[in-house]
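The values are calculated or read from the model by the stated rules, or taken from the named source; none is laboratory data. A quick note: this is a predicted structure, and the numbers were derived from the prediction, not measured. We place every Cβ from the backbone using ideal geometry, glycine too, and count neighbours over all the protein chains shown.
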Amino acid sequence: MMKHFIKSLRLKNHLLTAISFLIPVVCGAGFMIAIGLAMGGNSSADLTKSFTFWDALAKLGGTGLGMLPMIISTGIAFSIADKPGIAPGLIVGLAAEAIGAGFIGGLIGGYMAGWLVLGTIKYVKLPNWANGLMPMLIVPFIASFIGSIIMVYIIGGPIGWLTTGLTHYLSTLNGTSKLFYGLMIGVLASVDYGGPINKTVFAFVLTMQLLG
């Protein structure tokens, strides 16, 4: 029964949908920051002051990559709840970024936001004259409010600690361990060439890249 319930959640499908939204952003922003840095740009440049073209390119690319927690959260919430999930997904993703939960927080927050939207639509009932407020006000407010509170006060902290611990572990790997992990990631990424396994590996590697 538990296996059937987990399967009914379609966790993998929602993640793959979100990754399909994420990849173009990664490619666009990644090339921008790569070209900008290669040409001597500064990704920390202040664009309100003096800057070069390459500074602007690197800065905008870095800013785009910094939005990935919000993008993955929005993509998952949209996959779960369709258009009503967009606003809560974005706001919960922002909460994850603000609390330091990063990409992993955005990923978990996307599922939470999408399910909160579905729950709000199913269980919150209004008088007939107020039904028009549901998609524009009630659903986004309730789902965003509850999701953000849960992220900031309950799950954001532990996710941040997990992120920090994982980053520390990877930074202490020796040469042999790094080679093993590199080979394993390479094999998994080439198993189905753009299929579910490849995209899952991509999400993991991207998470590690964002964590530094």
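Taking the range 137-151 as the range and being buried (at least 17 other Cβ atoms within 10 Å of the Cβ) and closer than 15 Å to A98 by Cα as the test, the residues that pass are S144, G147, S148, I150, M151.
Regarding T163, is this residue part of a helix (DSSP H, G or I) and either more than 22 Å from I80 (Cα to Cα) or touching a residue at least 40 places away in the same chain (Cβ under 8 Å) (or both)? First the steps, then the outcome.
Values: part of a helix (DSSP H, G or I): yes; either more than 22 Å from I80 (Cα to Cα) or touching a residue at least 40 places away in the same chain (Cβ under 8 Å) (or both): yes.
When the stated conditions are applied, T163 passes them.
Would you please name the residue that is modelled with the highest pLDDT, looking only at residues in the range 88-126 that are among the β-branched types (V, I, T) and within 13 Å of H14 (Cβ to Cβ)? So the residue we want is V117. The set of residues in the range 122-136 being without any contact (Cβ under 8 Å) to a residue 40 or more places away in the chain, assigned to a helix (DSSP H, G or I) and surrounded by 11 or more Cβ atoms within 10 Å (Cβ to Cβ) consists of A130, L133, M134, M136. Only residues that are in the same structural domain as I19 (by TED's automatic domain parsing), surrounded by 18 or more Cβ atoms within 10 Å (Cβ to Cβ) and among the hydroxyl-bearing types (S, T, Y) were counted across the range 41-78, and they come to 1. Taking the range 1-87 as the region of interest, the helices (runs of 4 or more DSSP H) fully inside it that hold 3 or more residues being of a type in the set (A, V, I, L, M) and modelled with pLDDT of 90 or more are 11-38, 53-66, 68-81. Somewhere in the range 70-85, is a residue closer than 25 Å to L137 by Cβ and acidic (D, E)? The answer is yes, given that some residue of the range 70-85 is closer than 25 Å to L137 by Cβ and acidic (D, E).
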